[in-house]
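Have a look at this one before I ask anything.
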Amino acid sequence: MGAKSVKDILRRKYTHIEWSERWQEAFGNPEDFGLWFIWGNSGNGKTSFVMQLANELSQKYQVFFNSLEEGMKSTLQQHLINNKVTGKIVFDTLPIEELMQLHRRYKVVIIDSVQASNAHYIAWQKLRQKLGHRLLIVISQADKKQPIGRTALRLKFDADLKLYVEGFKAISNGRYNPGGELIIWPEGYAKYYLNKVNEENYEPQPDIVE
């Protein structure tokens, strides 16, 4: 690439993700290539969020969804129905090595999940290099608020856009619009945070001795 002056950098033209106002308000204007990382605990709306994100991106881009964790089970079908996914998305269950052949066919590649891939960090680096000027979105399981495993933690560190999912809300932790939020499922979100407030305000009553 070579060294660049201030003028070179200021003159450079960047291409950004084209998406709707709702998504832009939540996560800003990230570039349309690189690495995004999504993590969260089970039962908090992570899969629904990923489906909604894939559907949003498929309005403008060719999307490949590598469903290693869910596979092609009926639950995948149900997620598509529940989240009203209608975009042009291709699903498969390929090992990381075979994904390297997709770099010319799809602008966006989504992989669910780091853990289900059983791939080491070096394999992920090779995939990122092969994809080049394309967008790789990686999903990870979590333990409390951190991704599970060293590979997942390293990918999170590398990511341009980091999205943490909790209580049916996705929160930006990355370089783009940090703190930005998107509600995945309003009813689930309201119930989750109401229960959380009630738990925080709960004061155990002393035992009454007669």
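The values are calculated or read from the model by the stated rules, or taken from the named source; none is laboratory data. From a predicted model like this one, the values you see are computed outputs, not experimental measurements. Glycine gets a Cβ as well: all are built from the backbone with ideal geometry, and neighbour counts include every protein chain shown.
Residue 165 - would you say it is buried (at least 19 other Cβ atoms within 10 Å of the Cβ) and in contact (Cβ under 8 Å) with a residue 24 or more places away in the chain?
When the stated conditions are applied, residue 165 passes them.
Would you check if residue 74 is buried (at least 19 other Cβ atoms within 10 Å of the Cβ), under 26 Å from residue 43 (Cα atoms) and polar (S, T, N, Q)?
no
Please tell me if residue 46 is more than 13 Å from residue 108 (Cα to Cα) and among the charged types (D, E, K, R).
yes
Inside segment 54-97, can you point out the residues that are in contact with a Phe, Trp or Tyr (Cβ under 6 Å, 6 or more places away or on another chain) and among the β-branched types (Val, Ile, Thr)?
Passing the criteria: 89, 90.
Considering only segment 1-35, how many residues are surrounded by 15 or more Cβ atoms within 10 Å (Cβ to Cβ), part of a loop (DSSP other than H, G, I, E, B) and hydrophobic (A, V, I, L, M, F, W, C)?
3
Report yes if some residue within segment 14-29 is more than 14 Å from the chain's Cα centre (by Cα) and aliphatic (A, V, I, L, M); otherwise report no.
Yes; the residues of segment 14-29 include at least one that is more than 14 Å from the chain's Cα centre (by Cα) and aliphatic (A, V, I, L, M).
Among the residues of segment 72-122, which ones are of a type in the set (Phe, Trp, Tyr) and under 19 Å from residue 52 (Cα atoms)?
Result: 91, 106.
While we're looking at this one, here's another question. Determine which single condition residue 197 fails, assuming it passes every other condition in (1) over 25 Å from residue 125 (Cα atoms); (2) at pLDDT 95 or above; (3) not acidic (Asp, Glu).
(2)
Okay, residues lined up against (1) in contact with a helix residue (DSSP H, G or I) (Cβ under 7 Å, 6 or more places away or on another chain); (2) under 25 Å from residue 31 (Cβ atoms):
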| position | (1), (2) |
| --- | --- |
| 79 | yes, no |
| 83 | yes, no |
| 89 | yes, yes |
| 93 | no, no |
| 99 | yes, yes |
| 107 | no, yes |
| 116 | no, no |
| 134 | no, yes |
| 162 | yes, yes |
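Quick check: anything in segment 104-116 outside any loop (DSSP other than H, G, I, E, B), touching an Asp or Glu at 6+ places or on another chain (Cβ under 6 Å) and under 21 Å from residue 172 (Cβ atoms)?
Checked against the condition, which is being outside any loop (DSSP other than H, G, I, E, B), touching an Asp or Glu at 6+ places or on another chain (Cβ under 6 Å) and under 21 Å from residue 172 (Cβ atoms), segment 104-116 yields at least one hit.
Which ones in segment 45-93 are among the small types (Gly, Ala, Ser), at negative phi and outside any helix (DSSP H, G or I)?
Hits for segment 45-93 are 58, 67, 87.
Report yes if residue 92 is in contact with an Asp or Glu (Cβ under 8 Å, 6 or more places away or on another chain) and not hydrophobic (A, V, I, L, M, F, W, C), otherwise no.
No.
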